[in-house]
Amino acid sequence: VLYMIKWMSLIIVFVCGSFFSICFLVMACNENDCSSFTSKIIKRVIALEGDIIKTIGYKKKYVKVPHGHIWVEGDHHGHSFDSNAFGPVSLGLLHARATHILWPPKRWQKLQPMLPPERKPLQREQE
Amino acid sequence: MFRNALGKTFRFLGYAVQYGCVAHCAFEYLGGIVVCSGPSMEPTIQNSDIVFSENLSRHFYSIRKGDIVIVKSPTDPKSNICKRVIGLEGDKVCTSNPSDFLKTHSFVPKGHVWLEGDNLRNSTDSRCYGPVPYGLIRGRICFKIWPLNDFGFLRASPNGHRFLDD
């Protein structure tokens with residue numbers, strides 16, 4: 001299924017382990033949509049449950065991601081409708097993981113998991 | 001003889017895949033039978049009751065205030081919870097307990113619903129974990145199948161005072 005991306009935030013989805021972030025397609029209600037239907041958004045997973053992170057423009061400066069939730073951000077921070085706007089996202093809303101860019105052909109690539117070093121959590125919960 | 005058996009096996013597998021796909025679509029988009037457990041929806045739904053839930057309302061966004069819905073748990077994505085919708089987005093809800101003296105209110109944010117169990121004294125619901133995103137709703141419970149002495153459509157909420165009208 002190909003999704004049309006409308007916003008300036010970058011699309012990336014990754015898999016995770018303890019050193020990488022996981023990004024999934026997150027289904028959330030988008031306030032910019034004219035209709036009231038929920039639409040899907042693509043963001044990078046920055047933190048998993050239990051991690052404490054520093055936020056950019058969120059109502060609380062430091063957030064501990066609650067159990068069963070994740071923290072997602074677009075790569076283009078200034079223009080991204082992500083967790084810095086609506087807070088942690090419940091894992092039940094996760095729809096899929098994006099693994100490759102198919103179109104346009106000059107952008108064919110496998111999406112690599114990559115956590116920007118400045119967005120690393122302050123404290124990771126040990127398993 | 002062997003080719004006959006092989007042919008029969010492939011035909012069987014073909015039918016199994018087709019029926020599997022139809023069953024999956026039916027459970028995902030139409031509805032299914034659900035066994036409820038827990039005391040949070042008493043007296044409307046008791047422990048081990050069997051109910052029928054339909055998923056069409058969720059796809060057509062026709063979930064109404066007062067509906068009983070099955071929702072993916074916000075704290076544990078692998079389990080489902082069954083609660084009643086007390087408020088839709090934009091509605092005013094009472095966030096304090098009935099026993100509190102000072103009542104606090106808030107508005108349900110866009111794209112969320114406020115859920116409460118009918119058994120207010122023994123239910124972890126939106127009063128505990130806040131408004132729940134609409135995308136977590138799996139289906140709406142239409143009627144009860146078991147026990148047979150309670151067969152039929154589900155009763156209205158016993159907590160009418162929790163629904164705040166504008």
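The values are calculated or read from the model by the stated rules, or taken from the named source; none is laboratory data. Bear in mind the structure is a predicted one, so any value in this text is a computation, not a measurement. When we count neighbours, we look across all protein chains shown, and the Cβ atoms used for this are built from the backbone with ideal geometry, even at glycine.
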message = Could you list, ordered by first residue, the pairs with Cβ atoms under 6 Å in which the first is in the range B:118-145 and more than 14 Å from chain A (Cβ to nearest Cβ) and under 27 Å from B:Lys103 (Cβ atoms) and the second is of a type in the set (A, V, I, L, M, F, W, C) and surrounded by 22 or more Cβ atoms within 10 Å (Cβ to Cβ), at least 6 apart or interchain?
response = B:Asp118/B:Met41; B:Asp125/B:Leu115
note = Residues of the range A:95-127 being among the hydrophobic types (A, V, I, L, M, F, W, C) and touching a residue at least 12 places away in the same chain (Cβ under 8 Å), in sequence order, are A:Ala96, A:Ala98, A:Ile101, A:Leu102, A:Trp103, A:Leu111, A:Met114, A:Leu115, A:Leu122
ask   = Across the range A:36-65, what is the total count of residues that are within 12 Å of chain B (Cβ to nearest Cβ) and either surrounded by fewer than 16 Cβ atoms within 10 Å (Cβ to Cβ) or not in a loop (DSSP other than H, G, I, E, B) (or both)?
value = 5
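Being more than 14 Å from chain B (Cβ to nearest Cβ) and either within 20 Å of B:Pro74 (Cβ to Cβ) or crowded, with 17+ Cβ neighbours inside 10 Å (or both): is that true of A:Ile70 here?
When the stated conditions are applied, A:Ile70 does not pass them.
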task = Filter the range A:45-94 down to the residues that are among the small types (Gly, Ala, Ser) and touching a residue at least 40 places away in the same chain (Cβ under 8 Å), then identify the one that is nearest to B:Tyr134 (Cα to Cα).
result = A:Ser83
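Just for strands (runs of 3 or more DSSP E) wholly inside the range B:36-110: which have at least 2 residues that are within 12 Å of chain A (Cβ to nearest Cβ)? Outline the logic, then answer.
Working: elements: B:50-54, B:68-72, B:80-87, B:92-94, B:105-107.
Fully inside the range B:36-110 and qualifying: B:68-72, B:80-87.
Does B:Leu88 count as at pLDDT 85 or above, within 23 Å of B:Lys144 (Cα to Cα) and among the aliphatic types (A, V, I, L, M)? Walk me through how you get there before you give the answer.
Numbers: at pLDDT 85 or above: yes; within 23 Å of B:Lys144 (Cα to Cα): no; among the aliphatic types (A, V, I, L, M): yes.
So B:Leu88 fails the test.
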ask   = What residue, of B:Phe151, B:Phe107, is farther than 19 Å from A:Gly92 by Cβ and at pLDDT 90 or above?
value = B:Phe107
task = Determine if the range B:12-31 includes at least one residue that is surrounded by 10 or more Cβ atoms within 10 Å (Cβ to Cβ), in a loop (DSSP other than H, G, I, E, B) and of a type in the set (Gly, Ala, Ser).
result = no
task = Would you check which residues across the range A:73-88 are surrounded by fewer than 20 Cβ atoms within 10 Å (Cβ to Cβ), assigned to a loop (DSSP other than H, G, I, E, B) and away from every other protein chain (no Cβ under 13 Å) and list them?
result = A:Asp75, A:His76
ask   = Which of the residues that make up the range B:133-166 are assigned to a strand (DSSP E or B), closer than 16 Å to B:Asn80 by Cα, under 12 Å from the mean Cα position of the chain (by Cα) and not charged (D, E, K, R)?
value = B:Ile137, B:Gly139, B:Ile141
